[in-house]
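Here the structure comes first, spelled out in structure tokens, and everything after it is commentary.
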Amino acid sequence: LSAIGVAAQAVVFPAGADRVEVPMRLLGSGAFGVLPAIELVIGEKRGWFVADTGAGTVLMTPELLADLGVEGRGKIPMMGVTERASTKVYRLPECRLGALRMKGVKAISHDMSSLCEKLGAEVSGLLGNAAFTGQVVTFDFACRKLIVHRGETFTAPPGATRVKVEYALGIPSVRASIGGRRFARYLLDTGNQVGVLLNGPWVARRKLLAEPGRFPSIGVGGIGSDRAVRLALAPDLRIGRGTDLIVRDVPVGMAGKRAGGLLGDAVRAGNIGTPVLERFRFTLDFLREVAWFEPRADVPNRVEPWFGFTMRVRKGAVQIRAVVPTSPAEVAGLKGWNKLLWVDGAPVAGLDISAIVARLRKLDRVRLVLERRLHKGASQQDQLRVELTRTNFLPALPGPRRSK
């Protein structure tokens, strides 16, 4: 989300400090990624805000703005993921993010009820990029920390890949190539849970939705109503020209040709979200206009749902983490928290997620045995036996065209 003309004024670090670390929650229980959230204190009030690099400014619920007693002035245009709108601007009292103080921050009002419902958690707003003008921000998903560095003294992390960043309406973007196609510009958006959202004009030019019924759909939210996107799977995403930064098996959401807002943007190809970014220790350097990607030793126990489900390991058992609506897994009756026992006649006990995924990838049809309830001494009646057929649920994007 971007708003024209809304900027932050001053970020104040504690005396002698070059960085401030803030605890970060990971919100979301869907089949895809999570959203990072941090606690922000505004005057005498406080609330949890999604740390959203896809937002150019700070958004806040009307209720919290009313509690603060601040009045909106003027009107500015803003553009969300799905629609455009206009809003008043509110000047906030001093804000505190951990030991960091932010003065003169401006915000716009937005109803967060739909987002809260999807996340299953209460959030008071979005903390966008305007709050960190001139500083450096690290998203450490593994340690669940947001780290704000003083821009002037920040040094590049060793072993990280440097990627040039450009800004439009306060939102960072990078050059990337998906599925071997030509490099194009993609926003970096920690407020996107899907993976890579491909804009309607980009999808239409490549005729990727010539047979839309092949792809299941989910709703994505923004300003105004939700919009449906069709799910696919890209074999790889290369981030940055001239880098070796390649992400494999990337979940994709394809917008229709009538999409509005940022999904209707004909200049950029799309939007890279948290399911990709959380595979790294990800740093945005607003001062130097670059991003740093550090590989993680531990990858999240979430995998792309080839048959419509994701998995995780918990207490030594392989569990179904989530089931995607309209997928073969949902039709067969799989539920989150089911325990996976057998895949195609072989037990999964002792296997890690990667080994199970490798087995699934070889199959177009798979037989699963699951335990419906997670408790000791489960009887035979508690088992669920299903057969899933891959119906192009998450196919690779066709027709690769590589840049020279």
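The values are calculated or read from the model by the stated rules, or taken from the named source; none is laboratory data. For clarity, every value in this text was computed on a predicted model and none was experimentally measured. All Cβ positions, glycine included, derive from the backbone under ideal geometry; neighbour counts span all protein chains shown.
Take the conditions (1) over 17 Å from the mean Cα position of the chain (by Cα); (2) at pLDDT below 95; Ala17 misses just one of them, which is (2). The number of residues in the stretch 187-215 being crowded, with 21+ Cβ neighbours inside 10 Å and either in a loop (DSSP other than H, G, I, E, B) or at pLDDT below 90 (or both) comes to 9.
Taken together, the residues in the stretch 30-61 that are surrounded by fewer than 18 Cβ atoms within 10 Å (Cβ to Cβ), over 20 Å from the mean Cα position of the chain (by Cα) and of a type outside the set (A, V, I, L, M, F, W, C) amount to 4. Listed here are the strands (runs of 3 or more DSSP E) enclosed by the stretch 92-161 that have at least 3 residues being assigned by TED's automatic domain parsing to the domain that holds Ala37 and in contact with a helix residue (DSSP H, G or I) (Cβ under 9 Å, 6 or more places away or on another chain): 106-109. Determine if the stretch 96-107 includes at least one residue that is out of contact with any Leu (no Cβ under 8 Å at 6 or more places or on another chain), in contact (Cβ under 8 Å) with a residue 40 or more places away in the chain and closer than 30 Å to Arg227 by Cα. No, the stretch 96-107 contains no residue that is out of contact with any Leu (no Cβ under 8 Å at 6 or more places or on another chain), in contact (Cβ under 8 Å) with a residue 40 or more places away in the chain and closer than 30 Å to Arg227 by Cα. Say whether the condition of being surrounded by fewer than 24 Cβ atoms within 10 Å (Cβ to Cβ), on the phi > 0 side of the Ramachandran plot and not hydrophobic (A, V, I, L, M, F, W, C) is met by at least one residue in the stretch 62-72. Yes, there is a match, as at least one residue in the stretch 62-72 is surrounded by fewer than 24 Cβ atoms within 10 Å (Cβ to Cβ), on the phi > 0 side of the Ramachandran plot and not hydrophobic (A, V, I, L, M, F, W, C).
Looking across Val331, Val318, Val313, one residue alone is assigned to a strand (DSSP E or B), more than 23 Å from the chain's Cα centre (by Cα) and among the aliphatic types (A, V, I, L, M). It is Val318.
Pairs are defined by a Cβ separation below 9 Å, a sequence spacing of at least 6 or placement on different chains, a first member in the stretch 155-179 that is on the phi > 0 side of the Ramachandran plot, and a second member that is outside any loop (DSSP other than H, G, I, E, B) and not hydrophobic (A, V, I, L, M, F, W, C); the pairs so defined are Gly159/Glu294; Gly159/Pro295; Leu169/Ser2; Gly170/Ser2; Gly170/Asn129; Gly179/Pro235; Gly179/Asp236. Looking at this structure, is Glu211 without any contact (Cβ under 8 Å) to a residue 60 or more places away in the chain and of a type outside the set (S, T, N, Q)? Yes; evaluated as a whole, the condition is true for this residue. Scanning the stretch 339-391 for residues that are modelled with pLDDT of 80 or more, farther than 15 Å from Gln319 by Cα and polar (S, T, N, Q) gives a single hit, Thr389.
Here Glu117, Glu122, Glu152 are screened, and the one residue that is in contact with a Cys (Cβ under 7 Å, 6 or more places away or on another chain), surrounded by fewer than 18 Cβ atoms within 10 Å (Cβ to Cβ) and not hydrophobic (A, V, I, L, M, F, W, C) is Glu122. For the stretch 310-335, a tally of residues being surrounded by 14 or more Cβ atoms within 10 Å (Cβ to Cβ), modelled with pLDDT of 85 or more and of a type in the set (Gly, Ala, Ser) returns 3.
When the stretch 216-225 is filtered for residues that are surrounded by fewer than 20 Cβ atoms within 10 Å (Cβ to Cβ) and modelled with pLDDT under 70, the ones remaining, listed by number, are Gly221, Gly224, Ser225. The set of residues from the stretch 123-154 being under 17 Å from Pro23 (Cα atoms) and among the β-branched types (Val, Ile, Thr) comprises Val123, Val136, Val137, Thr138, Ile147, Val148.
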